[in-house]
1. State whether one or more residues within the stretch 136-147 are assigned to a loop (DSSP other than H, G, I, E, B), within 21 Å of residue 253 (Cβ to Cβ) and outside the structural domain of residue 249 (by TED's automatic domain parsing).
2. Name, by its number, the condition in (1) over 24 Å from residue 242 (Cβ atoms); (2) surrounded by 22 or more Cβ atoms within 10 Å (Cβ to Cβ) that does not hold for residue 72.
3. Any chance the stretch 230-251 includes a residue that's part of a helix (DSSP H, G or I), surrounded by fewer than 19 Cβ atoms within 10 Å (Cβ to Cβ) and without any contact (Cβ under 8 Å) to a residue 24 or more places away in the chain?
4. Can you name the condition, by its number, that residue 87 falls short on among (1) over 30 Å from residue 261 (Cα atoms); (2) touching a helix residue (DSSP H, G or I) at 6+ places or on another chain (Cβ under 8 Å); (3) part of a loop (DSSP other than H, G, I, E, B); (4) at pLDDT 95 or above?
5. Hey, any hits in the stretch 83-96 for a residue that's under 19 Å from the mean Cα position of the chain (by Cα) and surrounded by fewer than 23 Cβ atoms within 10 Å (Cβ to Cβ)?
6. Restricting attention to the stretch 56-77, report how many residues are over 18 Å from the mean Cα position of the chain (by Cα) and either over 18 Å from residue 99 (Cα atoms) or part of a loop (DSSP other than H, G, I, E, B) (or both).
7. Would you say residue 103 is under 24 Å from residue 183 (Cβ atoms), in a loop (DSSP other than H, G, I, E, B), touching a helix residue (DSSP H, G or I) at 6+ places or on another chain (Cβ under 7 Å) and not assigned by TED's automatic domain parsing to the domain that holds residue 187?
8. Say whether the condition of being in a helix (DSSP H, G or I), under 27 Å from residue 20 (Cβ atoms) and out of contact with any helix residue (DSSP H, G or I) (no Cβ under 6 Å at 6 or more places or on another chain) is met by at least one residue in the stretch 199-217.
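The values are calculated or read from the model by the stated rules, or taken from the named source; none is laboratory data. Since we're looking at a predicted model, the values are computed, not measured. Cβ sites come from the backbone with ideal geometry, for glycine too, and all protein chains shown count toward neighbours.
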């Protein structure tokens, strides 16, 4: 490949978007012995990865020229459109290239992107992830895939290097994004429900950490309740693994998907409003477990007036 005017060895995979998640994924791919190229809008994010052995790509239009497989970890629909659909990257891609989109995007965009990629002879696999930065660093992500089974098989060794398990849910890429946004509603529901349970206990004079330990050992076992329960009990919302802004975006994607199929989401509607409340309360840069801080201060009108 030719980058920055120099001939360089073709990488096995290019990672696009090297924030917390993307950087962890790139490092794990390097650690597994793969030759990795990286691109990020802010080049300060790629510098540590170049030091670790990655090659930097200079422009989005060169993404598919750096390797036959591109992993993208971008923030939202707008970023995916800008970097892949509007940059000329697809037009420049050689035949047989594959784009694996690890981001949480709308199922509608996934469908559009799959069609646009097909027009240019580029394979498209949707592969959104469950797990935060710490999980990504440990290469223990759960990756939900959908698309052409042959393409998924082709990129499977790369996905195995970053994950605990790869879940194949369908042959249409949009199906993976449907599963992801549905799961985000479930996680947000768990955080809010646990926040309310802890607030009840605290106002009744019971230690938050004690009830979180009890609930997560009995009623609600599992990593979501355990991990977020610890944050809620401690009131520890920094550093943010996932913010209320991103959480609201994902819940709203689920609401839009539901509406497109004639389905109403009463809890989803409420969660969107609650996440908005957390943002307006100043928690936009905190972890979305900060729903608990809002809940702790949510008084009945008569109780608030009596204070």
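1. Within the stretch 136-147 (the criterion being assigned to a loop (DSSP other than H, G, I, E, B), within 21 Å of residue 253 (Cβ to Cβ) and outside the structural domain of residue 249 (by TED's automatic domain parsing)), the answer is yes, since at least one residue qualifies.
2. Going through (1) over 24 Å from residue 242 (Cβ atoms); (2) surrounded by 22 or more Cβ atoms within 10 Å (Cβ to Cβ) one by one, residue 72 breaks only (1).
3. yes
4. All conditions pass for residue 87, except number (4).
5. yes
6. Looking only at that region, the number is 5.
7. Judged against the criteria, residue 103 is a match.
8. no
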